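Undergrad: Structure provided below as structure tokens; questions to follow.
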Amino acid sequence: RQPIVITATSEPSPTAQPTETPVPTETPAANTPEGISRVNIFLVAVGDGSQAGREIGCGDSLVPVEVKIEPTLGVLRAALEELLKLEGESHYGQSGLYNALYLSDLSIRDVAVLDGEAVIRLEGELVFGGECDIPRIEEQLRALALQFQTVDSVRIFVNGERLEDLLDLRG
């Protein structure tokens, strides 16, 4: 089965300007004067029937994994960077957790939080290995942003196109 590769070229200009920095909801011990030093990235327990985390489709669960970061107030960007660093790694260490973004080559163009809405703009090549990777990719990215108490909703763009449009197999 061939992976599906999605690229796009349109680039709208970013409109949102950050007004506040997201703060994790569950890492008070990791909060230092220099900022937060731990965040969660989200990975997939494939076919576990929501035993390890929240069900996301295809019988999979979304599982938070705490990672250390350099202390920062820009925690959403730092969490995204940690997730995107896993490029090329289909599974996270010995955990058996799956990274649906492992085939993709993405980088952060812009991250902003405005009035509770996180706007994430990525660029590069979005690749998924099949239909079940669609909810996995979407949920990995959305959950990563929604872990922060200043984020109520998330819009994600890849090369200027909405993520949900790129992942829609109906064309």
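The values are calculated or read from the model by the stated rules, or taken from the named source; none is laboratory data. This one's a predicted model, so the numbers in the text were calculated from it and none came from an experiment. FYI the Cβ positions are ideal-geometry reconstructions off the backbone, even for glycines, and counts take in every protein chain you see. When the accessible area is computed, the model is the full protein with side chains, heavy atoms only, and any ligands, DNA or RNA have been set aside. Shrake-Rupley method; radii C 1.70, N 1.55, O 1.52, S 1.80 Å.
Undergrad: Could you tell me the largest-minus-smallest coordinate of the C-alpha atoms of segment 47-101 on each of the three principal axes, in descending order and whole angstroms?
TA: If we take the Cα atoms of segment 47-101, the spans are 35, 22, 17 Å.
Undergrad: Given a Förster distance of 25 angstrom, what is the FRET efficiency for Glu125 paired with Glu34, based on the Cβ-Cβ distance and rounded to 0.05? Intermediate values should be presented prior to the final figure.
TA: Details: r = 34 Å, r/R0 = 1.36.
E between Glu125 and Glu34, to the nearest 0.05, is 0.15.
Undergrad: Per residue and in cubic angstrom, what volume does the convex hull of the Cα atoms of segment 69-117 have?
TA: 107 Å³
Undergrad: Take the Cα pairs of segment 106-171, get the Kirkwood Rh, then feed it into Stokes-Einstein at 4 °C and 1.567 mPa s and tell me D in µm²/s.
TA: 105 µm²/s
Undergrad: How much accessible area per residue does segment 48-125 have, in Å², with a 1.4 Å probe?
TA: Working: 3690 Å² over 78 residues.
Here the residues of segment 48-125 average 47 Å² of exposed surface.
Undergrad: Where in segment 66-171 are there GluC sites (Glu not before Pro) that are in a DSSP coil and have at most 13 other Cβ atoms within 10 angstrom of their Cβ?
TA: Glu89, Glu131
Undergrad: Which value in nm describes the separation of the simple spin-label points at His91 and Asp105, placed 7 Å from the Cα toward the beta carbon?
TA: 2.6 nm
Undergrad: Now a separate question. Where the accessible area of segment 65-167 is counted over protein heavy atoms with a 1.4 Å probe, how much of it, in %, is carbon and sulfur?
TA: 42 percent
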